[in-house]
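The values are calculated or read from the model by the stated rules, or taken from the named source; none is laboratory data. In this text the structure is predicted, and so the values were computed from the model without any measurement. Virtual Cβ from ideal backbone geometry, glycine too; neighbours counted across all protein chains shown.
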Amino acid sequence: MNKLSKSFYQRDNVVQIAKDLLGKYLFTNLGDGITSGIITETEAYCGITDKASHAYGNLRTARTEIMYMDGGVAYVYLCYGIHSLFNIVTNKIDIPHAVLIRGIKPVDGIEIMLKRSKKTDISKLNGIGPGNVSKLLNIHFSQSGESLFDNKIWLEDRGLKIPPFKIIAAPRVGVDYADEDAFLPYRFRFTEF
DNA sequence: CGGCCGATCCACT
DNA sequence: GTGGATCGGCCGA
């Protein structure tokens with residue numbers, strides 16, 4: 001097993017990290033077994049100067065405080081009262097950078113994921129959309145602050161490389177409120193393997 | 001302490 | 001393509 005290292009998460013370029021996370025494997029072991037998927041879509045959130053970030057303007061609350069932790073922990077929060085959205089905290093302590101995981105391709109524990117999503121048909125298993133990612137991997141907002149070097153949530157590099165020309169950059173989703181920052185091409189995905 | 005709103009998804013048409 | 005579900009966080013009073 002080749003877990004991503006602290007130095008991977010603690011670089012200062014969160015946009016580069018968001019790109020590098022494509023093709024990495026995201027694992028969880030939360031209650032009812034190990035599940036994993038290949039990360040297919042990410043979004044970068046660039047701290048206190050990014051109007052789309054929860055930490056914009058150096059906002060510190062009980063919720064956002066997690067983003068100020070040392071790189072390599074999970075930041076999970078509730079959206080629309082229903083969905084737990086999973087982010088990876090990057091950079092050093094007191095610098096609230098994060099990468100939202102928006103899509104995975106299911107790999108390990110397919111049966112468990114089918115049960116979690118109440119589906120029976122593997123072709124209907126859908127890891128597109130940040131709410132679905134958390135549903136399939138059983139991630140809950142109570143896991144916010146969880147270390148990625150522990151055995152509950154972690155990432156691995158299994159040697160899958162995504163050529164830069166296959167990476168599509170686009171504006172982020174649902175951040176219309178962020179004025180000019182809404183147009184930044186901080187959303188990254190790839191479609192073929 | 002009350003009210004509004006959000007980095008969404010799904011079932012339905 | 002659309003509206004309903006559904007609730008914690010944040011802000012202003």
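Residue pairs whose Cβ atoms lie under 8 Å apart, sitting 6 or more positions apart in sequence or on different chains, and linking a residue in segment A:72-83 that is in contact (Cβ under 8 Å) with a residue 12 or more places away in the chain and under 21 Å from residue A:11 (Cα atoms) to a partner that is within 6 Å of DNA strand B (Cβ to nearest atom) and assigned to a strand (DSSP E or B), are A:74/A:87; A:75/A:87; A:75/A:98; A:76/A:85; A:76/A:87. Within segment A:124-144, the set of residues being among the hydroxyl-bearing types (Ser, Thr, Tyr) and closer than 18 Å to residue A:39 by Cα comprises just one member, A:134.
Can residue A:28 be described as within 13 Å of DNA strand C (Cβ to nearest atom) and buried (at least 16 other Cβ atoms within 10 Å of the Cβ)? Talk me through it step by step, then tell me what you get.
Working: within 13 Å of DNA strand C (Cβ to nearest atom): no; buried (at least 16 other Cβ atoms within 10 Å of the Cβ): yes.
Taking the combined requirement at face value, the residue does not satisfy it.
For segment A:150-193, give me the residue count where each residue is aromatic (Phe, Trp, Tyr) and surrounded by fewer than 14 Cβ atoms within 10 Å (Cβ to Cβ). Steps first, answer last, please.
Taking segment A:150-193 and keeping what is aromatic (Phe, Trp, Tyr), we get A:154, A:165, A:177, A:183, A:186, A:188, A:190, A:193.
After this cut, where a residue has to be surrounded by fewer than 14 Cβ atoms within 10 Å (Cβ to Cβ) as well, the list is A:165, A:177, A:183, A:193.
Matching residues across segment A:150-193 total 4.
Here residue A:103 meets the list (1) under 21 Å from residue A:191 (Cα atoms); (2) of a type outside the set (Lys, Arg); (3) buried (at least 23 other Cβ atoms within 10 Å of the Cβ) almost entirely, failing just condition (3).
Residue-level check: of (1) at pLDDT 95 or above; (2) away from DNA strand B (no atom under 12 Å from the Cβ); (3) among the aliphatic types (A, V, I, L, M), residue A:98 misses just (2). Residue A:123 meets each of the listed conditions (1) crowded, with 16+ Cβ neighbours inside 10 Å; (2) more than 8 Å from DNA strand B (Cβ to nearest atom) apart from (1). Among the candidates A:158, A:172, the residue that is within 12 Å of DNA strand B (Cβ to nearest atom), in contact (Cβ under 8 Å) with a residue 60 or more places away in the chain and part of a loop (DSSP other than H, G, I, E, B) is uniquely A:172. Selection within segment A:2-25: residues that are closer than 13 Å to residue A:70 by Cα and basic (Lys, Arg). The member of this set that is surrounded by the fewest Cβ atoms within 10 Å (Cβ to Cβ) is A:6.
So residue A:93 clears everything in (1) surrounded by 23 or more Cβ atoms within 10 Å (Cβ to Cβ); (2) β-branched (Val, Ile, Thr); (3) without any contact (Cβ under 8 Å) to a residue 40 or more places away in the chain except one condition, right? Which one? All conditions are met except number (1).
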